[in-house]
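Here's the structure, in structure tokens; my notes come after.
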Ligand code: BGC
């Protein structure tokens, strides 16, 4: 189809998108066309299905999540939208076509954030965006940047962090990477979509301050700094109003305060009142339902919705279509460079891995004979389930990765596991939709006697424990967050047998989010979090285990001592079985480390934590001034004082004076990942703090205020391991930015205060 076709009526050419102004094109639309233009088309989400995206584009990209409406007479093509975020999700198979349309499965969002490396996030985005472009897609429905409020959220793996500065900065880099290909992103799910239980109805009751500082902040950073083409509004309600119907969220804050100029789409089938969605500035209703037409027409007829409001929504949609590859008739190859992208994912996964424990240099493994234990060692989880699942060409198992790296794996054990897993997988019902999560099997029963023999014949035991989660459900506390008894037994027995022979035990955590470590960590010598590392999983893990890559990931979320310590433990997932379904965010701004560090609740591993095979020193902190004017510059020095090359994460926290407002003990304001520092090498790190970095949201004044007083900068490799501090003062209160008094809860939250 070409879109240069010009039709004539009454001797006047019909306006054409790209040739005429967007306003002229809108003016030439019939009301039917207008109503269609604000509705999406189609949905094909089954696993590996060959069902095409429905609608006028005739299945251009099977397996895409939807498209926009085409109006050929006005030169408007449909553009294609597909998931995200750990890779492009399209169908592998197409009818009458022997070719397989594979995409690269990259590490999950949590892993990317654990790298604390914005350059890396940009590189992953650039590679993923190239697949979007070369497979004929226009917009990737990613990244997901909701705050990891509670470790049980089933979609945490798609999200980045419990902290909005990490989430916002990683998202900015990722969006820039994707969009550098001339394709778009949809930053989702805007906003406060922090649980899957009752996700389409739950009413999140949150204070204005927690909204601004925690739940909206990451979106604000990403919108202002990376200009995503689109935003996806979320399913849930915020303080009694569906996000997709919320004018204050989508127009007042997103557009007027943050200057967003792309278009907003709903999440798939979100919300209840379509005309209200249109009025709110939710430009596109996805994936498009027939009933929308009826309700929108009725609202137009009774004047509760105006044609001008529809025109307003069409404008940003057309502006984005103008920038799209489909509009430009881009000749996509269907042949992205999957080999090059496999290298990107292999590297990216290593950089997100977090070394939690390493007694007496348990890692890297210098000796070659490994007793490889744990089902996941032979059957890794490489990604989560749901719309974030990616149909990849292959997975490198840990067995394969370690063999590639020259390790010898005990073959009796290997056969036992492979038979056990094959039988276990056969016995479970076949997955029919992407929304079914994959529960780990009970551990293969290896007796103490067998373990003792293994300890004789091997140099070390490596145990992998796997977890998987996904869209549509939240995680369980027992047998998910806490380990299954078969897993604990395996760790305990292996440790007994191997330690009796003076040999070490290392656990690899192949997980989607935090798990309990407290019950078993003292039994083992080393713990490495590999997350869900994407399709090169086994090679990526082997790169770190062997020391080819020195681990440099740090936690972007707290690992607590007990689930009950999680600040939202009592209120998560709210009261989904009651009507109305509500979740009261009574921990307020005290999410994650803001809570643990302010209320002195000891975590198992704190936010920001991560070890390396080398050691670093932090020194020589200097401030440009001891009193704050417009900004302040902080410099410091980081040096690798160990024997091997490595990268360090330098985290800058700020403690603010708490005069009128409650303030957390400290908050992350900036971070830098160093380059690869050779043994003995140093790097000077520079941070610049602006006045907005000092500000908190004062609900009474609906404004960001920096309070006068003394501020302490705290720099370290984690939120609790502060190596350098320096104080500066601010003379007078500063009103940094005035916001609107919107999204107030109509409920007495009884928020946690210091
Ligand atoms: C998910 C979105 C996704 C959409 C399209 C929804 O169920 O919540 O994240 O982009 O489906 O697949």
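Counting only Cα atoms, the stretch 222-317 measures 40, 26, 23 Å along its principal axes, largest extent leading. Helix 290-301 and the long axis of the chain differ in direction by around 50°, with both axes built from C-alpha atoms. Along the Cα-to-Cβ line of residue 726, 7 Å from the Cα, sits a label point; which residues in the stretch 627-653 have backbone N less than 11 Å from it? Taking a point 7 Å out along Cα→Cβ of residue 726, the residues of the stretch 627-653 whose backbone N falls under 11 Å are 627, 632-637. With an 8 Å Cα cut-off and a minimum separation of 6 or more residues, compute the relative contact order for the stretch 164-228 in percent. Dividing the mean separation by the residue count of the stretch 164-228 yields 62 percent. Shape analysis of the stretch 517-644 based on the Cα gyration tensor places the equivalent ellipsoid semi-axes at 33, 27, 15 Å, largest first. Highest mean packing first, where packing is the average number of other Cβ atoms within 10 Å per residue, the peptides 174-185, 555-566 line up as 174-185, 555-566.
Evaluating kT/(6 pi eta Rh) at 37 °C and 0.692 mPa s, with the Kirkwood radius of the chain over Cα pairs in the Stokes-Einstein relation, gives 122 µm² s⁻¹. Estimated from helical segments only, the mean residue ellipticity of the chain at 222 nm is -7000 deg cm²/dmol, where each DSSP H run of four or more residues counts as -39500 (n - 2.57). Across the chain, the mean sequence separation of Cα contacts (distance under 8 Å, 6 or more residues apart), normalised by length, yields a relative contact order of 14 percent. Enclosing the Cα atoms of the stretch 400-466 in their convex hull gives a volume equal to 115 cubic angstrom per residue.
For the chain, the longest principal axis of the alpha carbon atoms and the long axis of helix 164-179 meet at an angle near 60°.
Over all directions, how big on average is the projection of the convex hull of the alpha-carbon atoms in the stretch 467-577, in square nanometres? Let's see the in-between values first.
Details: hull surface 35.2 nm².
For the Cα atoms of the stretch 467-577, the hull's average projected area reads 8.8 nm².
For the listed peptides 344-352, 534-542, a ranking on the average number of other beta carbons within 10 Å per residue, highest first, reads 534-542, 344-352. Kirkwood hydrodynamic radius of the stretch 367-411, from the reciprocal of the average inverse Cα-Cα distance over all distinct pairs: 12.0 Å. Convex hull volume of the C-alpha atoms in the stretch 226-272, normalised per residue: 71 Å³. Inter-label distance, residue 479 to residue 332: 4.2 nm, where each label sits 7 Å from its Cα along the C-beta direction.
Axis of helix 307-323 versus longest Cα principal axis of the chain: the two differ by about 60°, to the nearest ten degrees.
Could you compute Rg(Cα) / (2.2 N^0.38 Å) for the stretch 358-496, with N its residue count? It would help to have the intermediate numbers written out before the result.
Numbers: Rg = 16.0 Å, N = 139, 2.2 N^0.38 = 14.3 Å.
Output field value: 1.12.
Going by average Cβ density within 10 Å per residue, which order do the peptides 637-643, 304-310 take, highest to lowest?
On the way: 637-643: 17.9, 304-310: 15.4.
Going from most to least packed, we get 637-643, 304-310.
How much of the DSSP bridge set in the chain is antiparallel, in percent, rounded to the nearest 5? Present the calculation step by step, with values, prior to reporting the outcome.
Working: 58 of 98 bridges.
Beta bridges within the chain, antiparallel portion: roughly 60 percent.
Restricting to Cα pairs below 8 Å that are 6+ residues apart, what does the relative contact order work out to for the stretch 465-612? Please round to a whole percent. The normalised contact order for the stretch 465-612 reaches 21 percent.
With 5 Å bins beginning at zero, the pair-distance distribution over Cα atoms of the stretch 546-597 amounts to 4, 17, 18, 17, 13, 10, 8, 5, 4, 2, 1 %.
The distance between label points at residue 297 and residue 561 comes to 6.5 nm (points 7 Å beyond Cα on the Cα→Cβ vector). The smallest convex shape that holds all Cα atoms of the stretch 243-374, its convex hull, gives 249 Å³ per residue. For the stretch 583-721, the extents of the C-alpha atoms along the principal axes are 53, 38, 20 Å, listed from largest to smallest.
I need the calculated FRET efficiency for the pair residue 97 and residue 31, taking r as the beta carbon distance and R₀ as 30 Å, to the nearest 0.05.
Working: r = 39 Å, r/R0 = 1.31.
Once the sixth-power term is evaluated, E becomes 0.15.
Taking the stretch 102-194, how much of its Cα-Cα pair set, in percent, is spaced more than 15 angstrom apart?
Tail of the P(r) past 15 Å holds 55 percent of the pairs.
FYI, it's all coordinate maths here, none of it is from the lab. None of the values given here were measured: they were computed from a predicted structure. All Cβ positions, even for glycine, are placed from backbone atoms using ideal geometry, and neighbour counts span all protein chains on display.
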